[in-house]
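Q: Got a structure here, written out as structure tokens. Questions coming.
The values are calculated or read from the model by the stated rules, or taken from the named source; none is laboratory data. None of the values given here were measured: they were computed from a predicted structure. Cβ placement follows ideal geometry from the backbone for every residue including glycine, while neighbour counts extend to all protein chains displayed.
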Amino acid sequence: MGRKSLKGTRQKEIVKAFYKVAKREGFENTSIAKVADHMDINPSLIIHYFKSKQDLEIALIDYILERYLKIYKSNGSVYTIETLKDLIDKLFSRKWNRLFDDGVFYSCYAHIYRNEEFRHRFKQLHDELRVILKQSFTDAVNSKVIKVDDVDRLTETIFALLEGAYYYLGLVDDKHEYEEKVLYYKHHVCELLQISN
């Protein structure tokens with residue numbers, strides 16, 4: 001049991017180091033050798049835990065998911081209008097946007113067109129986030145916080161809006177413009193949920 005725990009801990013350390021190097025060097029330029037150098041260990045130790053760079057890249061997807069899930073899970077169940085509005089605030093917060101480096105995230109996204117397994121895992125990541133968002137809206141419907149006929153369609157629309165918003169917000173440097181756009185997106189989400197913001 002202790003061995004498994006040590007293995008998981010060591011793998012997580014390696015994935016975190018891979019992420020840090022990818023932020024600095026770029027996802028495509030990150031190698032096992034560079035990660036090992038960053039960690040001041042022998043590359044063979046990384047190979048012991050991850051058979052290839054591809055295995056390490058796929059483990060990075062789980063790391064991305066783990067970080068994003070913190071926002072959803074920190075909110076708990078959505079049983080009141082306040083918890084629903086809090087969730088919307090968190091989804092559009094700078095904290096959410098800074099959970100994972102955009103350069104690494106979008107490099108991962110580009111990678112889905114060259115690697116089928118990576119594409120599959122990246123889709124799983126988005127599917128899992130969408131399921132959790134749907135559960136939040138379902139909780140809100142069941143608690144009569146919102147009245148929605150089609151939770152699946154609502155979730156799909158809001159999830160697409162979130163993804164598109166963050167892609168576009170990554171291009172905005174002006175703080176005032178950024179905040180203005182976030183307010184607009186949040187307002188649109190509230191309209192879709194038929195609640196006041």
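Q: How many residues are loosely packed, with under 13 Cβ neighbours inside 10 Å and either within 26 Å of the chain's Cα centre (by Cα) or under 17 Å from residue 8 (Cα atoms) (or both) if we restrict to segment 34-43?
A: Just the residues of segment 34-43 that are loosely packed, with under 13 Cβ neighbours inside 10 Å, to begin with: 40, 42.
Next cut, either within 26 Å of the chain's Cα centre (by Cα) or under 17 Å from residue 8 (Cα atoms) (or both) only: none.
Residues meeting the conditions: 0.
Q: Test residue 65 against the criterion of being modelled with pLDDT of 90 or more, assigned to a helix (DSSP H, G or I) and in contact with a helix residue (DSSP H, G or I) (Cβ under 8 Å, 6 or more places away or on another chain), and give yes or no.
A: Working: modelled with pLDDT of 90 or more: no; assigned to a helix (DSSP H, G or I): yes; in contact with a helix residue (DSSP H, G or I) (Cβ under 8 Å, 6 or more places away or on another chain): yes.
Criteria not met by residue 65.
Q: Right, another one. Out of (1) in contact with a Lys or Arg (Cβ under 6 Å, 6 or more places away or on another chain); (2) part of a loop (DSSP other than H, G, I, E, B), the odd one out for residue 155 is which?
A: With (1) in contact with a Lys or Arg (Cβ under 6 Å, 6 or more places away or on another chain); (2) part of a loop (DSSP other than H, G, I, E, B) applied to residue 155, the lone miss is (2).
Q: Would you call residue 127 over 19 Å from the mean Cα position of the chain (by Cα), part of a helix (DSSP H, G or I) and either modelled with pLDDT of 90 or more or buried (at least 18 other Cβ atoms within 10 Å of the Cβ) (or both)? Write out each step before concluding.
A: Numbers: over 19 Å from the mean Cα position of the chain (by Cα): no; part of a helix (DSSP H, G or I): yes; either modelled with pLDDT of 90 or more or buried (at least 18 other Cβ atoms within 10 Å of the Cβ) (or both): yes.
For residue 127, the condition - over 19 Å from the mean Cα position of the chain (by Cα), part of a helix (DSSP H, G or I) and either modelled with pLDDT of 90 or more or buried (at least 18 other Cβ atoms within 10 Å of the Cβ) (or both) - is not met.
Q: Restricting attention to segment 171-197, which residues are outside any helix (DSSP H, G or I) and surrounded by 14 or more Cβ atoms within 10 Å (Cβ to Cβ)? Step through it out loud before you land on a result.
A: Here is the first cut: in segment 171-197, the residues outside any helix (DSSP H, G or I) are 171-174, 194-197.
Passing the criteria: 172, 195.
Q: Exactly one of these conditions fails for residue 27: (1) in a helix (DSSP H, G or I); (2) outside the structural domain of residue 106 (by TED's automatic domain parsing); (3) touching a His at 6+ places or on another chain (Cβ under 8 Å). Give me its number.
A: (1)
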